[in-house]
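Here's the structure, in structure tokens; my notes come after.
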Amino acid sequence: QVQLVESGGDLVQAGGSLRLSCAASGSIFSIRYTGWYRQTPGNQRALVAVIDNSGTTDYADSVKGRFTISRDNAENTVYLQMNNLKPEDTAVYYCQVRTRNWSTYWGRGTQVTVSS
């Protein structure tokens, strides 16, 4: 079992920055991907950024150049640095882990609100 705890969500003004953290614990030795997703009312949960076992990253087009996903393996933590935030970035942000046996784990989410 893997447990994920997100933190760092807050209310910020447009143009500001936030750093989200996802701390993982439990059976975390065989992870395929760690990703950040976001969801707004009436929409599907959408991928924001992902980092795989080799450190390769990918981003949604809407956040390229503004967001950076990274990890600290020693601390079992993945981060999402969000710069130049826009109101359309407002969402609940979730951390996801996919293991080698394709089990999926989600955190409870952290609210990011960007005001105009």
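Computed from backbone phi with θ = phi - 60° and the Karplus coefficients 6.51, -1.76 and 1.60, the 3J(HN,Hα) list for the range 73-90 is 4, 5, 9, 6, 10, 10, 10, 10, 8, 10, 10, 6, 5, 10, x, 5, 7, 4 Hz; x is used for glycine and proline. Taken over the range 1-63, the convex hull of the Cα atoms encloses 126 Å³ per residue. With the full set of protein chains in place, find how many percent of the accessible area of the chain is carbon and sulfur; take the probe as 1.4 Å. Roughly 44 percent, rounded to a whole number. The gain in end-to-end length when the residue 61 to residue 100 segment is fully stretched comes to 11.4 nm, 0.36 nm per residue minus the alpha carbon separation.
For the chain, a Kirkwood hydrodynamic radius built from all Cα pairs, placed in the Stokes-Einstein relation at 10 °C and 1.306 mPa s, yields a translational diffusion coefficient of 112 µm²/s.
Straightening the chain between residue 116 and residue 47 buys 22.5 nm, computed as 0.36 nm per residue apart minus the Cα-Cα spacing.
What the range 41-81 shows is 61 Å² of accessible area per residue, with the surface traced by a 1.4 Å probe over protein heavy atoms. Taking 0.36 nm per residue of sequence separation and removing the Cα-Cα distance, the residue 5/residue 90 pair yields an extension gain of 28.7 nm. Each label was represented as a point 7 Å from its Cα along the Cα-to-Cβ direction; for residue 33 and residue 68 these points are 2.2 nm apart.
The values are calculated or read from the model by the stated rules, or taken from the named source; none is laboratory data. Note that this is a predicted model, so its numbers are computed, not measured. For neighbour counting, all protein chains shown are included, and Cβ atoms are generated from backbone atoms with ideal geometry for every residue, glycine included. Side chains are part of the model used for accessible areas, which takes the heavy atoms of the whole protein and leaves out ligands, DNA and RNA. Shrake-Rupley method; radii C 1.70, N 1.55, O 1.52, S 1.80 Å.
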